[in-house]
1. So which of 459, 432, 466 ends up being loosely packed, with under 13 Cβ neighbours inside 10 Å and either modelled with pLDDT under 95 or touching a strand residue (DSSP E or B) at 6+ places or on another chain (Cβ under 7 Å) (or both)?
2. Name the one entry in 308, 351 that is on the phi < 0 side of the Ramachandran plot, in the same structural domain as residue 404 (by TED's automatic domain parsing) and in a strand (DSSP E or B).
3. So residue 309 passes all but one of these: (1) in contact (Cβ under 8 Å) with a residue 24 or more places away in the chain; (2) surrounded by fewer than 19 Cβ atoms within 10 Å (Cβ to Cβ). Which condition number does it fail?
4. Going residue by residue through region 533-553, is there one that turns out to be modelled with pLDDT of 95 or more, touching a helix residue (DSSP H, G or I) at 6+ places or on another chain (Cβ under 9 Å) and within 22 Å of residue 378 (Cα to Cα)?
5. Can you give me the number of residues within region 140-161 that are touching a residue at least 40 places away in the same chain (Cβ under 8 Å) and either touching a helix residue (DSSP H, G or I) at 6+ places or on another chain (Cβ under 6 Å) or not assigned by TED's automatic domain parsing to the domain that holds residue 53 (or both)?
6. Would you say residue 392 is exposed (fewer than 12 other Cβ atoms within 10 Å of the Cβ), over 27 Å from the mean Cα position of the chain (by Cα) and farther than 16 Å from residue 358 by Cα?
7. Scan region 561-588 for residues that are surrounded by 17 or more Cβ atoms within 10 Å (Cβ to Cβ), touching a helix residue (DSSP H, G or I) at 6+ places or on another chain (Cβ under 9 Å) and more than 9 Å from residue 602 (Cβ to Cβ) and jot them down.
């Protein structure tokens, strides 16, 4: 039973396949033939090279995706508008058609359909020697009156003049577009990702008693390998600002034609006497824009409209150029120049040497430590490092590298300074000489960058910078001198002690050196020792904070690198030690034991709200302490004498 059902289904499938293969193919063939019979144009429509509308315009195709208007003026065509026309021509179908012979036989003529004097005559050229191997094919289409059956249909005389087609009027509408819609409004078309060079030349306007004169030629090129822009002229090999340059090119690409000028104004054309000449080179092509005189008086707060022309195109047009873009292009040698004084990778710096020839102080060298030191830095004093290395403050070194990488010119002082200028700007004995040793990844030799900072004579609120072996001098903010102090203590690591996790503080003793009496005596096993001064309010929290600060002891800044009985603060005032703090602690050792140690710190009185000094024989330093440690000490030393808040003032009785 199942076998019979299977055979029946198999037979039906075969029959269905035969039906589809035989009849459906015939239907498709017939439909395709019908569509071909309805097409007005033949194979020549697949390769249209030019479109001419009599007494209106002419379009020519110059590449697969490039059309140009050649009449009434030479200008790139609107690609979308031309694509619409070409598509309408290639897909032109008739709703119905009849022969001219039958029209005449019925006593009518071409005039009946408005085809004796067509309203629209379109001439097409197709193919050519490069595709068909023969001369181009010329096709003429003549459009007559609107068909009486409806306003959406028009009469069309076939290219051979034998048939009258009734077609939809979409093609007529496409061919009747005004020139403003057929023309492309784009001016420069080389995109920023394709641009390889930018050439600019501005003309200085004429003044009383002098004619206008061309300014310097500015040429920038894009280095594909380094992905950056460089000047070729007027400052060879000077770095250009990549963002500013690409913004300028994007701004040029965004310019649009405002209007085409038919009444040529008096005076020279922009191509003959440009106020600004702009040329952009791309992949095997270049475009040049000539910007002429203003086309209209400038209005306050509005961008100005200029006359302009393109190279090899006589059409005169106007364009509105934003004032910011015009200023950047007219002053490109400064506006597009990279204002960074140094060009280096901070992560590749292996050493920094600070010198002050004007002050004749010893050199300070900051060296990057090799692994496994964790990427830290150390200080080496003098040329031979006789004083021995000292660990440097990583945050201070990173801040210095960041400041140097961001050092920017306030102004470009000179690109060809004379010897007298260099002396005036303080380069005979610079205030700073900063040498960077740079070893890029994979590079065996280490390159050096020498930055010199000078100050003018007489001194004012400016500084000047230059890089050795480079001619340019930059005016920079004088803050760079404060950010590169020549005091070794400014670069010393501010972390003095960091006890390991297994270490334990076992005792604290704070003594008033003036009275030789204990202020605080505490042990981990007994707490406050008998006989100690009464614990002030908040002492528990202060004691906890004190221990935390002593475990990780940091200096806010250093005053001197040796302990002494008295010190001079930043104001030059002599300060003596008022308190001594002794700390007992144990460090973990083998077999569960511990090593006992004692550390001592001396403190001055609190000299200001955030100022108190400490000294250490162990760390060979006198330094200002951080605020949390200062606050904890204040609570423990003066908390018992704190009178509390002032009593409230009773209100004054009204009279």
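The values are calculated or read from the model by the stated rules, or taken from the named source; none is laboratory data. Predicted model only: the values in this text are computed from it and were never measured. Methodologically, a virtual Cβ is constructed for each residue, glycine included, from the backbone with ideal geometry; neighbour enumeration extends over all protein chains shown.
1. Just one listed residue meets the conditions, 459.
2. Values: 308 fails: in the same structural domain as residue 404 (by TED's automatic domain parsing).
Answer to the selection: 351.
3. (2)
4. Yes, region 533-553 contains a residue that is modelled with pLDDT of 95 or more, touching a helix residue (DSSP H, G or I) at 6+ places or on another chain (Cβ under 9 Å) and within 22 Å of residue 378 (Cα to Cα).
5. 1
6. Values: exposed (fewer than 12 other Cβ atoms within 10 Å of the Cβ): no; over 27 Å from the mean Cα position of the chain (by Cα): yes; farther than 16 Å from residue 358 by Cα: yes.
Spelling it out, it is not the case that residue 392 is exposed (fewer than 12 other Cβ atoms within 10 Å of the Cβ), over 27 Å from the mean Cα position of the chain (by Cα) and farther than 16 Å from residue 358 by Cα.
7. Scanning region 561-588 gives 583, 585.
So that you can scan it fast, the table gives a plain yes or no per residue for (1) touching a residue at least 40 places away in the same chain (Cβ under 8 Å); (2) in the same structural domain as residue 178 (by TED's automatic domain parsing); (3) out of contact with any helix residue (DSSP H, G or I) (no Cβ under 7 Å at 6 or more places or on another chain):
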{"position": "69", "(1), (2), (3)": "yes, yes, no"}
{"position": "95", "(1), (2), (3)": "yes, yes, yes"}
{"position": "101", "(1), (2), (3)": "yes, yes, yes"}
{"position": "111", "(1), (2), (3)": "no, yes, yes"}
